[in-house]
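Only one structure is covered here, and it is reproduced in the block below.
The values are calculated or read from the model by the stated rules, or taken from the named source; none is laboratory data. Note that the coordinates shown come from a computational prediction; the quantities given were computed from them, not determined experimentally. Quick reminder, even Gly has a Cβ in these numbers, built from the backbone with ideal geometry, and neighbours come from all protein chains shown.
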Amino acid sequence: MKLISIYKQLLKETELNQRFDYIGKFNQFGLADVKLNDKFNFINREGKLLSEIWFDYIYSFDEFDFTMVKLNDKYNFINHEGKLLLNTWFDDFKEFETNKYVLINNDKTYKLLIIKKGG
């Protein structure tokens, strides 16, 4: 029985490797970063995409529920369920302490964001 399970897993991994240019390791949320045609996303263990949006760059989740994403030279955050954290995309960011960010727009508007463990 265990051999059949291993075989099924290998088939799934082979299929995923054929769908994407790159697949990272699965994290504690059961997500792996993937790359296709120089765009990035995350997939779950079943191979389902986390977001409909393909990003220009994605950061790792680490132990937190959110990660930063970049699209068209703007930044936002996404959670492990694929939901964007902010309504506004920002032009730049500065991390001034671990998981404490100032998000800045070219028109000088800004937002302070503090990410706590567990969301």
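Go through the residues of region 73-80 one by one and say whether even a single one is in a loop (DSSP other than H, G, I, E, B) and over 16 Å from residue 29 (Cβ atoms). So that I can check it myself, show each step before the final result.
Pass one, region 73-80, residues in a loop (DSSP other than H, G, I, E, B): 73, 80.
Then drop every residue that is not over 16 Å from residue 29 (Cβ atoms), which leaves 73.
Checking region 73-80: at least one residue is in a loop (DSSP other than H, G, I, E, B) and over 16 Å from residue 29 (Cβ atoms).
Give me the pairs, please: first residue somewhere in region 95-110 and free of Cβ contacts under 8 Å to residues at least 60 places away in the same chain and farther than 15 Å from residue 76 by Cβ, second residue anywhere and assigned to a loop (DSSP other than H, G, I, E, B) and among the acidic types (Asp, Glu), beta-carbon distance under 6 Å, and either six or more positions apart or on two chains.
Here the result reads 106/91, each pair linking region 95-110 to a residue that is assigned to a loop (DSSP other than H, G, I, E, B) and among the acidic types (Asp, Glu).
From (1) modelled with pLDDT of 90 or more; (2) not in a strand (DSSP E or B), pick out the condition that doesn't hold for residue 63.
Only one criterion in (1) modelled with pLDDT of 90 or more; (2) not in a strand (DSSP E or B) is unmet by residue 63, namely (1).
Within region 81-108, work out how many residues are under 27 Å from residue 28 (Cβ atoms) and among the polar types (S, T, N, Q).
The number of residues fulfilling the criteria is 2.
Any residue that is at pLDDT below 90, part of a loop (DSSP other than H, G, I, E, B) and either of a type in the set (S, T, N, Q) or closer than 21 Å to residue 104 by Cα (or both) - is there at least one of those in region 29-43?
no
What are the residues in region 50-85 that are more than 10 Å from the chain's Cα centre (by Cα) and β-branched (Val, Ile, Thr), if any?
Answer for region 50-85, where residues must be more than 10 Å from the chain's Cα centre (by Cα) and β-branched (Val, Ile, Thr): just 53.
Only one residue in 73, 56, 92 is loosely packed, with under 12 Cβ neighbours inside 10 Å and more than 14 Å from residue 115 (Cβ to Cβ). Which one?
Working: 56 fails: loosely packed, with under 12 Cβ neighbours inside 10 Å; 92 fails: loosely packed, with under 12 Cβ neighbours inside 10 Å.
Exactly one of 73, 56, 92 is loosely packed, with under 12 Cβ neighbours inside 10 Å and more than 14 Å from residue 115 (Cβ to Cβ), namely 73.
For residues that are loosely packed, with under 13 Cβ neighbours inside 10 Å and either assigned to a strand (DSSP E or B) or small (Gly, Ala, Ser) (or both), scanning just region 110-119, find the one that is modelled with the lowest pLDDT.
First, pick out the residues of region 110-119 that are loosely packed, with under 13 Cβ neighbours inside 10 Å: 112, 114, 116-119.
Restricting the remaining residues to those that are either assigned to a strand (DSSP E or B) or small (Gly, Ala, Ser) (or both) gives 112, 114, 118-119.
Details: 112: 83, 114: 79, 118: 52, 119: 49.
Ranking the qualifying residues of region 110-119, first place goes to 119.
Filter region 87-109 down to residues that are modelled with pLDDT under 90, part of a loop (DSSP other than H, G, I, E, B) and not polar (S, T, N, Q), then give me how many there are.
2
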